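As structure tokens, the structure follows; a few thoughts come after it.
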Amino acid sequence: MNCSISGEVPEDPVVSKKSGLLFEKRLIERHISDYGKCPVTEEPLSLDDIVPIKTGKIVKPRPVQAASIPGMLGMFQNEWDGLMLSNFALEQQLHTARQELSHALYQHDAACRVIARLKKERDEARSLLAQVERQLPTSEPDAITTNASALSNGKRAAQDEDLAPGGKKMRSGITSNVISELTDCNAALSQQRKKRQIPATLAPIEALEGYTQISSHPFHKTSKPGIVSLDILYSKDMIATGGVDTNAVIFDRSSGQILSTLSGHSKKVTSVKFVGQGDMFLTGSADKTVRLWQGSDDGNYNCRHILKDHTAEVQAVTVHATNNYFVTASLDNTWCFYDFSSGTCLTQVSDSAGSSEGYTSAAFHPDGLILGTGTAEALVKIWDVKSQANVARFDGHVGAVTAISFSENGYFLATAAHDGVKLWDLRKLKNFRNFSLYDQDTPTNSVEFDHSGSYLAIAGSDIRIFQVANVKSEWNCIKTFPDLSGTGKATCVKFGPDAKYIAVGSMDRNLRIFGLPSEDGPTE
């Protein structure tokens, strides 16, 4: 007797009271639980309607096919054929799934591109709207239309501008309101400086003597290696680098992560500067342009303005203490004073005293009313920002002035050139100390006071840290770091917050951090 469901001899037979049919107990119980009826007659059936049958132990007879070798071979052949058919069906399903997945990935990629384009257009529209809103109170409707058409894809399009005699662009100049703001800032900072004390958290000399390389970060492309500019945002411990590969990189030292890579320049990024708390960022480039970047909530930076007022390489960018204005210096022998809010050049200053090779470095005095510039002709020029007058000149260098740095006390100025570093006393307008650290074939590329004015860093074929003293006392070398890039050329150096570390850029693609191992952030 066989089961009415499986057709096999049941191991645990039961019979239906209603139909009298024989079933395997486990099969009929599952069918009743699922459907509640007889699988053959389809009459309602419950577990109470089945009766177990007691039988002796059943020995299942061997199938006829398994009783001989030919029969067994036939069984194996049938099973093999079934396996091959099943495998063929699975391969067809896999091929179909791969085609569907490829199509889905293509659609996803296309959607991402569309989203990116829409975001870019949205940001451009917001920037354009902000410009129009700023100009609305003082501009006529037709002027708004002109300004709107002057911006395309985040770039300032060429348009007709008022020209002064000689073919130069007309500038609005530094207004009395701006001068008043600069003067108030100067008074406040000067008053604070009188009460200034060396912070207790400043790294001591003993700590600097123990500094060593604690991390190295490969930011820029290997095809065009070289970091040529560097800046640090102390409040957030963020580091920015500008590279020969035309990119600027913003790096969070505490997490060891790259926050943003800024692309858009067509030549090396010669200068990078954070503005305020890092909401805005400046880059100057050898492509003759300056870009003003606006930070967004997602940590990225979008290009807000492209400034094309210079006609030669932009060599330096420096931000005023108000964080409302900045200056750019170029090899076209001019420097420009800009307003952050509008991205407009208020004045473009050229020296009428015969200098012709342009500016190679620039920095604001800590109080903001003095601007220092270095030239390709080995001159250092000091400017009164309010009148844009050249009030002092320092000569004596050999080669272009590659870097310039004011001390926090406001009295000392350090300048670097091919022949080394010179220190100037701004009270007496004279040179009081020289550092000729390298041979005549090795220029000094960078010089930098720390934020407290206690230490001075110099970069050339190595990096040297000096303790700042007064005019008459000796400035002692605390520590010398070798150039670990293998290029023999350290291009830029900056002190971290409280001189707890020193960031160095070289002519390879790596940013190197020197400090105590206990001060180490994430390593490479």
*Calculate, for the chain, the solvent-accessible area per residue in square angstrom, rolling a 1.4 angstrom probe over the heavy atoms of the protein chains.*
52 Å²
*At R0 = 56 Å, FRET efficiency that the Cβ-Cβ distance of S254 and L94 yields, to 0.05*: 0.75
*Report the extension gain between E43 and E209 in nm, rounded to one decimal, defined as 0.36 nm multiplied by the number of residues separating them, less their alpha carbon distance.*
50.2 nm
*Packing-wise, with mean Cβ within 10 Å as the measure, how do 382-392, 367-377 rank, highest first?*
367-377, 382-392
*Express the carbon and sulfur contribution to the solvent-accessible surface of the range 13-52 as a percent, rounded to the nearest whole number, probe 1.4 angstrom.*
48 percent
_Cleavage-rule hits (trypsin sites (Lys or Arg not before Pro)) in the range 8-54: DSSP loop, at most 15 neighbouring Cβ within 10 angstrom_ = K17, K18, K54
*At 25 °C and 0.890 mPa s, what whole-number value in µm²/s does Stokes-Einstein give for the translational diffusion of the chain, with Rh from the Kirkwood sum over Cα pairs?*
86 µm²/s
_If I compute solvent accessible area with a 1.4 Å probe over the protein chains, what percent of it on the range 176-515 is carbon and sulfur?_
45 percent
*Can you work out ³J(HN,Hα) from phi for every residue in the range 227-232, in order, using Karplus 6.51 cos²θ - 1.76 cosθ + 1.60 and θ = phi - 60°, giving whole Hz and x for Gly and Pro?*
9, 10, 8, 7, 8, 10
*Amide hydrogen neighbours beyond the local backbone of A362, cut-off 5 Å, H modeled*: G374, I404
*Add +1 for every Lys or Arg and -1 for every Asp or Glu among the other residues with Cβ under 14 Å from the Cβ of L426, and state the total.*
+4
*Which FRET efficiency, nearest 0.05, do L429 and T222 yield, Cβ-Cβ r, R0 60 Å?*
0.85
_Phi to ³J(HN,Hα) by Karplus 6.51 cos²θ - 1.76 cosθ + 1.60 over the range 414-420, Hz, x for Gly, Pro_ = 10, 10, 10, 8, 4, 8, x
_Quick one: the Cα spread of the range 13-52 along its three principal axes, in angstroms, biggest first?_
20, 18, 16
*Can you give the Rg and Dmax of the range 394-471 based on its C-alpha atoms, in angstrom?*
11.5, 33
*What list of ³J(HN,Hα) values in whole Hz, one per residue of the range 359-369 in order, does the Karplus curve 6.51 cos²θ - 1.76 cosθ + 1.60 (θ = phi - 60°) give from phi, with Gly and Pro shown as x?*
9, 10, 7, 7, 7, 7, 5, x, 7, x, 9
*asked:* Between L516 and A188, what is the label-point separation in nm under the 7 Å Cα-to-beta-carbon projection?
replied: 3.5 nm
_Going through the cross-link list K288/K430; K479/K500; K18/K54; K195/K273, which pairs have a Cα-Cα distance over 23 Å in this structure?_
K288/K430; K195/K273
*Calculated FRET efficiency for the pair R117/N78, C-beta based, R₀ 51 Å, to 0.05*: 0.30
*asked:* Run the paramagnetic zone check for A130: 7 angstrom along Cα to Cβ, then residues of the range 307-332 with backbone nitrogen under 19 Å.
replied: 307-308, 319-320, 322-327
*Between S86 and S180, what length comes free when the chain is fully extended (0.36 nm per residue of separation minus the Cα-Cα distance, one decimal in nm)?*
25.2 nm
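The values are calculated or read from the model by the stated rules, or taken from the named source; none is laboratory data. Please read all numbers here as calculations on a predicted model, not as lab measurements. Neighbour counts run over all protein chains shown; Cβ positions are idealised from the backbone, glycine included. What goes into the accessible areas is simple: the full protein's heavy atoms, side chains included, and nothing from ligands, DNA or RNA. Shrake-Rupley method; radii C 1.70, N 1.55, O 1.52, S 1.80 Å.
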